[in-house]
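The values are calculated or read from the model by the stated rules, or taken from the named source; none is laboratory data. Since we're looking at a predicted model, the values are computed, not measured. What goes into the accessible areas is simple: the full protein's heavy atoms, side chains included, and nothing from ligands, DNA or RNA. Shrake-Rupley method; radii C 1.70, N 1.55, O 1.52, S 1.80 Å.
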Amino acid sequence: MKKKFSIIALTLFSVFYFSQNTEKLNDHKAAEFFKTHYKKKNYKKFEGKMMVQNHVISFDNKTIYYDKNDKIVATILKQGLIYPQLLTDYQMQKFLDETTDKTQKRFLKMQKDPKASFDVNNIELSDFSEISTGKLNNKVRRFKVDLRDNRLNTHSIYYFELTNDNASENLSLENFILGSKLTYIGN
């Protein structure tokens, strides 16, 4: 009898646990990520040649694919807030900050083009969502986006923060993005 009760209790607990709203869980994970990793910084917008075609945006010679029905990702990309060269620089800096292996750091410095190891190109951005928990004020909004690198067949989640100093309470998300700057990016 005790064994049956344990199995029933475990089953009910599992069903309850997995039926929770995943959006709230993801928002909680994002809020925890910002608590532990957040360092405000002002990033420059893309200043090179940008070409938009259907669901692909080229930033000089680097490309990002996105769902053409996702107006928010399209707006962020077209504003030059997120671009491959920024992600390359971010990944290289993250490696330098986090690695403790001095041999790897020396090897990286000896390379002719150290950024080549971290090159971001032909990526796909999808599943964009605004993080609803931890909303700071009307001038700051935080987001999550999935990044898939098709060359390496890898998948990462990136968190970023946009700040619009002229934002008001009723400003639409698209208009917020149009006047914003990138103040944080991390994964």
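A few notes on this one:
- Probe 1.4 Å, protein heavy atoms only - accessible area per residue of region 78-187 in square angstrom: 55 Å²
- Expressed as a whole percent, the accessible surface of region 53-159 that belongs to carbon and sulfur atoms is 48, based on a 1.4 Å probe.
- Full-stretch length increase - Arg148, Phe118 - with 0.36 nm per residue and alpha-carbon distance subtracted: 9.4 nm
- Among the listed pairs Lys41/Lys181; Lys112/Lys144; Lys29/Lys144, those with a Cα-Cα distance over 22 Å are Lys112/Lys144.
- For a straight C-alpha distance cut-off of 18 angstrom, the aspartates and glutamates reachable from Lys105 (same-chain residues fewer than eight places away being disregarded) are Asp89, Asp97, Asp113, Asp119.
- Reducing region 81-124 and region 158-187 to their Cα centroids gives an inter-centroid distance of 26 Å.
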